[in-house]
Amino acid sequence: MVKVAIDTGLCQGHGRCYDLAPEVFGEDDEGYGTVLLPDGVIPPEALADARRAAVNCPERAVLLTEEA
């Protein structure tokens with residue numbers, strides 16, 4: 001199981017996360033990224049897009065953690 005979070009202290013609102021993985025990320029009223037998944041668990045079919053979003057975040061604000 002892989003969980004996702006956004007470090008709000010690092011996010012600058014570039015929007016790459018929600019452009020690359022709109023099923024996982026959205027934007028708040030100010031354009032900063034938010035996680036749309038209530039528990040943060042990424043469904044298997046969205047994992048590749050979430051990983052792509054994490055790699056493409058200029059501030060490395062998208063955090064993926066693998067849990068057993």
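None of the figures in this text is laboratory data; all of them are computed from the coordinates on show. Since we're looking at a predicted model, the values are computed, not measured. Every residue, glycine as well, gets a Cβ built from its backbone with ideal geometry; the counts of neighbours run over all protein chains shown.
Structure above, values below:
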{"quantity": "Linear extension gain, Leu36 paired with Ala48, 0.36 nm per residue minus alpha-carbon span", "calculated": "2.7 nm"}
{"quantity": "Low-density loop positions, trypsin sites (Lys or Arg not before Pro), the chain - DSSP coil, at most 15 other Cβ in 10 Å", "calculated": "Arg60"}
{"quantity": "Residues Leu36, Leu10, sorted so that the one with the fewest Cβ neighbours within 10 Å comes first", "calculated": "Leu10, Leu36"}
{"quantity": "Added length on full extension, which subtracts the Cα-Cα distance from 0.36 nm per residue, Met1 to Val55", "calculated": "17.6 nm"}
{"quantity": "C-alpha long axis of helix 47-56 to longest principal axis of the chain, angle in °", "calculated": "40 degrees"}
{"quantity": "Amide proton proximity set for Thr34, modelled H, under 5 Å, gap of 5+", "calculated": "Gly26, Glu27, Asp28"}
{"quantity": "Loop-located GluC sites (Glu not before Pro) in the range 27-68 whose Cβ has at most 15 other Cβ within 10 Å (DSSP)", "calculated": "Glu30, Glu59, Glu67"}
{"quantity": "Relative contact order [Cα under 8 Å, 6+ residues apart], the chain, whole percent", "calculated": "47 percent"}
{"quantity": "Computed label-point distance, nm, for sites Asp29 and Glu67 using a 7 Å Cα→Cβ extension", "calculated": "3.0 nm"}
